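What follows is a single structure, written as structure tokens, with notes after it.
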Amino acid sequence: METVIIVIHLMVVITLVLVVLLQRSEGGALGIGGGGGGMMSSRGTANMLTRATTILAVAFFATSMVLTVIARNSDTPSSILDAVPAAQGEAPGEGTGILDALKQQSAPAPSGPQVPTSQ
């Protein structure tokens with residue numbers, strides 16, 4: 001279900017961007033959708049693009065809201081800090097952090113040639 005709504009959302013976004021780019025700007029210099037004689041007059045094209053922008057904007061907000069509701073109702077991800085087991089016999093807050101748990105794990109023995117210690 002979520003995948004279908006994401007695909008619809010992406011199609012709406014791409015179409016919305018294209019429709020906005022086709023519209024004529026206030027100065028008329030940046031719009032692609034201008035031009036002379038065509039099937040529709042420039043006024044009719046502007047009305048159609050405005051309506052299409054409104055419909056696509058409503059669809060964008062609707063799919064965004066639906067995706068938000070789906071994300072909120074799905075299982076909440078657990079934190080990595082919750083997965084660290086607390087050390088037994090210690091009071092909370094004393095040595096039970098993630099760094100202390102990582103220090104307790106032993107590091108593997110290094111392999112290969114070793115550098116002699118300095119004297």
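With a requirement of 1 or more residues that are at pLDDT 85 or above and acidic (Asp, Glu), the helices (runs of 4 or more DSSP H) lying completely within segment 1-105 that satisfy it span 2-22.
Within segment 43-72, the residues that satisfy the criterion of being free of Cβ contacts under 8 Å to residues at least 24 places away in the same chain and among the hydroxyl-bearing types (Ser, Thr, Tyr) are 45, 54, 68.
The values are calculated or read from the model by the stated rules, or taken from the named source; none is laboratory data. The structure displayed is predicted, hence computed values, not measured ones. In this analysis, Cβ positions are derived from the backbone assuming ideal geometry, glycine residues included, and neighbour counts consider all displayed protein chains.
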